[in-house]
Amino acid sequence: MREISSTWQIAEQTITVSNLDKPFWPEEGLTKGDMLQYYLNVAPVMLPYFKNRPVTLRVFPDGIHGFSYYQRDLPEKAPEWFRSIKYRPKTAKYVIQLPLVDNAAGLIWLANLGSIEFHLWGSHGPDLAQPDMVILDLDPGEEASFADVLQAALRLQDTLDRMGLKSYPKTSGGRGLHVYLPLAPGYSFEAVRSWVKNLAKQLATAYPDLITIAHGATHQSRQVTIDYAQNSIGRNTAAPYTLRAYPGAPVSTPLSWKEVEEGRLTPSDFTLKSIPRRLQKVQDLFAPVLHGGQHLPCS
């Protein structure tokens with residue numbers, strides 16, 4: 001049995017870790033320690049997406065088959081060096097402190113709570129009301145295949161290309177895809193959401209057998225839903241390179257459009273074990289999302 005350490009020195013911070021041998025993906029033989037080591041390995045490419053951006057955690061203290069909960073506010077007993085940003089939801093009478101992850105130590109400290117999944121806001125501080133990206137969430141109905149999702153993404157990309165917009169796809173880590181557009185300053189969430197809704201309507205009209213707009217029980221269909229409501233303040237989306245709490249230890253993974261077009265990939269290709277090797281080969285395909293904001297044309 002390998003040696004289990006109780007403390008990790010990460011740069012200037014000493015992080016106490018626990019239960020490293022606890023099974024988190026038991027069918028794959030993967031433990032909490034494997035998860036923490038994965039996040040430590042990918043931290044250099046993952047952390048730029050967290051900069052000043054609130055994170056919502058999905059916590060599984062006993063692995064993917066145990067109970068889970070969402071953690072939106074800064075956890076109790078967070079180290080003094082952990083930053084946060086204030087936010088008051090419209091439906092609440094109180095202000096909450098949203099965690100901000102600045103470094104690998106913060107990432108590991110949160111992961112040690114059992115946080116398998118990290119989900120990020122579509123805006124960052126200091127102005128959380130101003131989105132800095134458009135998020136197009138392609139979610140397959142129960143009878144749709146991942147091949148259908150790839151085809152829907154290509155139809156979307158073609159439309160965005162004709163608008164002169166650069167877009168960047170990644171797997172959700174589940175059965176869907178996310179397509180991001182870096183956004184220039186000056187837009188409200190309402191304006192972005194309205195733009196995405198109009199775009200989704202256009203695509204649903206042009207490809208009615210393939211694409212539908214989110215409403216009602218669309219997830220029971222054979223179509224791929226575009227969820228425009230994802231572009232709302234407080235909503236969050238799986239971070240690039242986050243693990244997901246599904247069998248196989250899948251990862252939400254940036255893709256090239258060439259990979260989408262070739263259509264030979266499946267979500268199970270991108271896992272805790274495969275992503276470090278992939279990063280050595282292709283580097284971070286999602287990096288342009290952090291730069292070069294675009295203005296939205298009329299859809």
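Overview of values
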{"item": "Criterion: in a helix (DSSP H, G or I), under 29 Å from residue 67 (Cβ atoms) and at pLDDT 95 or above - qualifying residue of 135, 116, 85, 108", "result": "108"}
{"item": "Flag if residue 44 is loosely packed, with under 14 Cβ neighbours inside 10 Å, closer than 20 Å to residue 276 by Cα and assigned by TED's automatic domain parsing to the domain that holds residue 111", "result": "yes"}
{"item": "The range 245-260: number of residues that are part of a loop (DSSP other than H, G, I, E, B), of a type outside the set (A, V, I, L, M, F, W, C) and surrounded by 24 or more Cβ atoms within 10 Å (Cβ to Cβ)", "result": "2"}
{"item": "Yes/no for residue 229 being more than 30 Å from residue 67 (Cα to Cα) and not in a strand (DSSP E or B)", "result": "no"}
{"item": "Any hit, the range 188-198, residues being of a type outside the set (Lys, Arg), crowded, with 18+ Cβ neighbours inside 10 Å and touching a Lys or Arg at 6+ places or on another chain (Cβ under 7 Å)", "result": "no"}
{"item": "Matching option when the condition is closer than 25 Å to residue 100 by Cβ, within 21 Å of the chain's Cα centre (by Cα) and outside the structural domain of residue 110 (by TED's automatic domain parsing), among 249, 200, 229, 214", "result": "229"}
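Listed here are the residues, each with its yes/no results for (1) free of Cβ contacts under 8 Å to residues at least 60 places away in the same chain; (2) under 21 Å from the mean Cα position of the chain (by Cα).
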{"site": "70", "(1), (2)": "yes, yes"}
{"site": "94", "(1), (2)": "yes, no"}
{"site": "134", "(1), (2)": "no, yes"}
{"site": "140", "(1), (2)": "no, yes"}
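The values are calculated or read from the model by the stated rules, or taken from the named source; none is laboratory data. Computed from a predicted structure; not experimentally measured. Glycine gets a Cβ as well: all are built from the backbone with ideal geometry, and neighbour counts include every protein chain shown.
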